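The values are calculated or read from the model by the stated rules, or taken from the named source; none is laboratory data. Not measured: the values here are computed from a predicted model. Cβ atoms come from the backbone with ideal geometry, glycine included; neighbour counts cover every protein chain shown. The area values use the complete protein model at the heavy-atom level, side chains included, leaving out ligands, DNA and RNA. Shrake-Rupley method; radii C 1.70, N 1.55, O 1.52, S 1.80 Å.
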Amino acid sequence: MNAPYKMPEGIILSAQNLKKSFGDNEVLRGLNLDIRNGEVIAIIGPSGCGKSTFLRCLNCMEDPTSGSIFFDGDDIADVRININTHRENIGMVFQQFNLFNNKTVIENIMLAPVYVGVRNYRQAKRKNGWIKFGNLFRKNKKDLLPLPTTPAQVKKQAHERAMQLLRRIGLEEKATVYPSTLSGGQKQRIAIVRALAMNPKVMLFDEPTSALDPEMVGEVLDLIKELANEGMTMVIVTHEMGFARETADRILFMDGGVIAEEAPPQEFFSNPKNERTKEFLSKVL
């Protein structure tokens, strides 16, 4: 495996010459993007231009055909990298919520933190056991790893964190209900705090309001704006132009599998340079 990549200062996630094909259909054609820590990037563009595919490639839910995606110094597009470890730090929110309907709201939120916490405890305990066993014969004085929180404590902390997040979005009373009883706006806010429960470094949003009734859009966008104001690094695929203008630090316009234009919101909307960008904005504004 290659030596860890030294990320430029301030860059948390970097896509380099990223390409993705489905058979003969080349969806992404060599994208390059550096995402700065604390930056909010909005990606807009016509349907079928590769926006969602690009987002899914950023945490390797889709394996890129070629190119690199650097996160925490590792190329997570490299098949030799344990992508699951990195995904713990990259939250993803989908169009269709993807909540588990057979689990209550709080069980949905607790699922990943409990799984990861218990796994880490078992791995550390197993490793400590081997060190102790080896020391009997080698008299090796290696320091034992400190054990993470016990499984019972993991569950208690996950429950406390889940309730804290539910209180934040005003849905504490929905903790024990099932997702089927919630409105679309409530489901999407639950999906967002489920991702936040892992304390991610980056949040990816794939058209988070596209499946919502118009009256429910605002409550979801308000939560995302709160996260932006708190300094969360976010990449958001959206059709909400007013939200992108107000919230994003940078707007990317994608067309035909490439980034055709990028600029700060004021410049992007008031003085677009690319003819295709001008054409697109004339139809959506």
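Data table
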{"read-out": "Positive-pole candidate from GLN95, VAL177, SER21, dipole of the chain, charges at beta carbon", "value": "VAL177"}
{"read-out": "Rounded percent of accessible protein surface that carbon and sulfur make up, the chain, 1.4 Å probe", "value": "48 percent"}
{"read-out": "Mean shadow area of the range 1-115 over all directions, Cα convex hull, nm²", "value": "9.1 nm²"}
{"read-out": "Between 0 and 90°, nearest 10: helix 184-196 axis offset from the chain longest Cα axis", "value": "50 degrees"}
{"read-out": "Å² per residue, accessible surface of the range 156-259 at 1.4 Å", "value": "40 Å²"}
{"read-out": "GNM top mover of ASP78, ASP255, ASP213 - the chain, alpha-carbon springs below 10 Å", "value": "ASP213"}
{"read-out": "Approximate shape of the chain as ellipsoid semi-axes (Cα gyration tensor, √5λ), whole Å, largest first", "value": "36, 26, 15"}
{"read-out": "Rounded to the nearest 20 debye, dipole of the range 180-269 from Cβ charges on Lys, Arg, Asp, Glu", "value": "400 debye"}
{"read-out": "Dipole in debye (nearest 20) - the chain, about Cα centre, beta carbon charges: Lys, Arg +1; Asp, Glu -1", "value": "1980 debye"}
{"read-out": "Unit charges at the beta carbon, dipole of the chain: most positive-side option, ASN37, LEU221, MET241", "value": "ASN37"}
{"read-out": "Residue with peak Gaussian network fluctuation, the chain [Cα springs, cutoff 10 Å], from SER183, SER52, SER14", "value": "SER183"}
{"read-out": "The chain: most fluctuating residue of MET163, MET110, MET198 per GNM, C-alpha cutoff 10 Å", "value": "MET163"}
{"read-out": "Whether the range 236-285 is rounded, prolate or oblate, judged on the alpha carbon gyration tensor where a/c under 1.5 counts as rounded", "value": "rounded"}
{"read-out": "q = 0.11, 0.18 Å⁻¹: log10 I(q)/I(0) that the Debye formula gives for the range 173-238, counting C-alpha atoms only", "value": "-0.26, -0.69"}
{"read-out": "Average Cα contact separation per residue, the chain, under 8 Å, 6 or more apart, as relative contact order %", "value": "27 percent"}
{"read-out": "Long pairs among LYS201/LYS225; LYS19/LYS51; LYS20/LYS201; LYS103/LYS225; LYS103/LYS156; LYS51/LYS283, criterion Cα-Cα beyond 20 Å", "value": "LYS20/LYS201; LYS103/LYS225"}
{"read-out": "Rel. contact order, % - alpha carbon contacts under 8 angstrom, at least six apart, the range 205-245", "value": "59 percent"}
{"read-out": "Probe 1.4 Å, accessible area per residue of the range 13-73, Å²", "value": "38 Å²"}
{"read-out": "The range 87-98 - phi-based ³J(HN,Hα) in whole Hz, Karplus 6.51/-1.76/1.60, Gly and Pro as x", "value": "4, 4, 9, 10, x, 9, 10, 9, 4, 9, 6, 6"}
